[in-house]
1. Among the residues of segment 85-103, what is the count of those that are assigned to a helix (DSSP H, G or I) and either more than 19 Å from residue 142 (Cα to Cα) or over 20 Å from the mean Cα position of the chain (by Cα) (or both)?
2. Restricting attention to helices (runs of 4 or more DSSP H) lying wholly within segment 150-203, give those where 1 or more residues are farther than 18 Å from residue 56 by Cβ and under 14 Å from the mean Cα position of the chain (by Cα).
3. Take residue 136 and decide whether it is touching a residue at least 24 places away in the same chain (Cβ under 8 Å), away from the ligand (no atom under 16 Å from the Cβ) and out of contact with any strand residue (DSSP E or B) (no Cβ under 8 Å at 6 or more places or on another chain).
4. Any chance segment 106-128 includes a residue that's within 16 Å of the ligand (Cβ to nearest atom), touching a residue at least 12 places away in the same chain (Cβ under 8 Å) and within 20 Å of residue 192 (Cβ to Cβ)?
5. Can you pull out every residue in segment 70-105 that is under 14 Å from residue 154 (Cβ atoms) and within 16 Å of the ligand (Cβ to nearest atom)?
6. Quick check: anything in segment 105-127 closer than 25 Å to residue 9 by Cα and buried (at least 18 other Cβ atoms within 10 Å of the Cβ)?
7. Among the numbered criteria (1) in a helix (DSSP H, G or I); (2) crowded, with 17+ Cβ neighbours inside 10 Å; (3) more than 16 Å from the ligand (Cβ to nearest atom), which one does residue 67 miss?
Ligand code: MN
């Protein structure tokens with residue numbers, strides 16, 4: 001298989017009480033696995049593509065053969081998005097940002113509370129399934145959303161962090177209360193990993 005699902009880097013219950021173990025189990029083992037399976041299924045029709053990373057397929061989506069382009073966009077996006085998502089969270093995470101991203105948040109948003117408010121309000125308004133993103137865009141931080149599993153790489157942008165607002169990410173615990181999930185999610189974030197991604201974004 002060209003693409004593989006990495007094990008969750010912590011226990012399924014490790015993000016309790018903010019994200020419950022059943023949600024984490026279904027989300028990683030079923031939803032993410034399905035994106036990986038569907039991506040591999042598509043690549044079987046064009047095996048030469050399997051030598052590229054999923055990120056590179058998204059960056060160059062218009063070079064992907066048309067018969068599998070939508071499947072790669074959706075499921076390659078699903079794979080890349082969730083691979084990021086597991087690593088930007090950790091047990092005992094959250095708190096105030098640290099490092100260079102903390103400085104940049106102050107510079108571009110004033111303070112962490114103002115940044116969080118803007119991120120949560122923007123992401124809460126994403127109609128239907130999608131993601132809220134923090135991007136590095138033209139030398140400053142920017143907040144945006146995408147529908148479905150669209151990754152910002154499709155537009156040549158690199159996501160420093162993203163939060164999943166598909167109902168499968170929160171519905172068992174938060175039901176229709178997406179804003180409550182968005183508020184609680186910050187207690188899981190892994191600022192060390194987000195700083196690594198910020199560094200990567202600037203390359
Ligand atoms: Mn998801």
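Read-outs throughout are calculated quantities, based only on the coordinates presented, and are distinct from any laboratory measurement. This structure is a prediction, so every number in the text was calculated from the model and none was measured. A quick note on method: Cβ atoms are made from the backbone with ideal geometry, for glycine too, and the neighbour counts reach across all protein chains shown.
1. So the count comes out to 5.
2. Result: 178-185, 191-201.
3. no
4. No, every residue in segment 106-128 fails to be within 16 Å of the ligand (Cβ to nearest atom), touching a residue at least 12 places away in the same chain (Cβ under 8 Å) and within 20 Å of residue 192 (Cβ to Cβ).
5. Result: 73, 74, 75, 76, 77, 78, 79, 80, 81.
6. No, the conditions are met nowhere in segment 105-127.
7. Unmet for residue 67, out of (1) in a helix (DSSP H, G or I); (2) crowded, with 17+ Cβ neighbours inside 10 Å; (3) more than 16 Å from the ligand (Cβ to nearest atom): (2).
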